[in-house]
1. Compute, for segment B:1-103, the length of the dipole vector about the Cα centre, with Cβ point charges of +1 (Lys, Arg) and -1 (Asp, Glu) only. Units Debye, rounded to 20.
2. Can you give the Kirkwood hydrodynamic radius of chain A from its Cα pairs, in Å with one decimal?
3. So for chain B, averaging the separation of alpha carbon pairs under 8 Å that are six or more residues apart and normalising by length, what relative contact order in percent results?
4. Net charge around A:I13, counting only other residues with Cβ within less than 10 Å of its Cβ (Lys, Arg = +1; Asp, Glu = -1)?
5. Quickly rank A:99-108, B:105-114 as a protection proxy: mean count of other C-beta atoms within 10 Å, highest first.
6. Residue by residue through A:26-33, how many Cβ atoms from other chains fall within 10 Å of the Cβ on average?
7. So how strong a dipole does chain A carry about its Cα centre when Lys and Arg Cβ are +1 and Asp and Glu Cβ are -1, to the nearest 20 debye?
8. Can you tell me the convex hull volume per residue for segment A:8-50, based on C-alpha atoms, in Å³ to the nearest whole number?
Amino acid sequence: SQQGEEDPQALSIQEGENATMNCSYKTSINNLQWYRQNSGRGLVHLILIRSNEREKHSGRLRVTLDTSKKSSSLLITASRAADTASYFCARLTGKLIFGQGTTLQVKP
Amino acid sequence: GAVVSQHPSWVICKSGTSVKIECRSLDFQATTMFWYRQFPKQSLMLMATSNEGSKATYEQGVEKDKFLINHASLTLSTLTVTSAHPEDSSFYICSATEKLAGGSPLHFGNGTRLTVT
């Protein structure tokens, strides 16, 4: 299968709460990327974390990477209704392979 | 920021006809473009990788003769769905990068919703 695993598949939270999404992969990576997709639209790149990095921040986003466990997590702090979207991790192995994604719903 | 334009955004066609989808990089030269297919509530499945001036590399299970990819210039790649059938109905998304190595992010088009009747 092309895809890694992400959990949860779906997440519903209230505005202001934090949202955590996890991603696991099987092969070694040079970097791992997180993307966001609004319904019926293309993807927007959020953040890239290299294999020699453990944590990276961008605004309200925090990504961690544990290469020993082959896993990564995306944390969105102080969520907003506008954060409602699907979030995908993706690893570059000569081509960009996406995880199954987490659908996040933030209720106002 | 880098922009990728994908056209059309949606198309309805009859079974047996062919449909061409264009993907253009507007402000950078895309050495590599990827074509993905996405079914409702699912992730993106890579169909093929196209490098300018060379033949596309297709993923296992993707029919080369059905999904024709042409990457004739550094700013344009096209995907032609030939002899379309209802099962080809899907959301097709292209992405492009200036430099695949080094971890440059991919820039995505807004996708094309294909409906085959």
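1. That gives segment B:1-103 a dipole magnitude of about 100 debye.
2. On the way: mean 1/r = 0.0728 Å⁻¹.
After inverting the pairwise mean of 1/r, the radius is 13.7 Å.
3. Numbers: 299 pairs, mean separation 43.5, N = 117.
Relative contact order, chain B: 37 percent.
4. On the way: positive: A:K107; negative: A:E15, A:E17, A:D83.
Every neighbour counted, the sum reads -2.
5. Details: A:99-108: 18.5, B:105-114: 22.2.
Sorting A:99-108, B:105-114 by mean packing, highest first, produces B:105-114, A:99-108.
6. Working: counts 0, 0, 0, 1, 3, 4, 1, 4.
Per-residue shielding by partner chains comes out at 2.
7. Values: 14 positive and 9 negative charges, 63 e Å.
Computed charge dipole of chain A: roughly 300 debye.
8. Dividing the Cα hull volume of segment A:8-50 by its residues yields 121 Å³.
The values are calculated or read from the model by the stated rules, or taken from the named source; none is laboratory data. These figures come from a predicted structure and were not determined experimentally. Because the Cβ atoms are built from the backbone with ideal geometry, glycine has one as well, and the counts that use them run over all protein chains shown. Areas reflect the complete protein model, heavy atoms only, side chains present, ligands, DNA and RNA absent. Shrake-Rupley method; radii C 1.70, N 1.55, O 1.52, S 1.80 Å.
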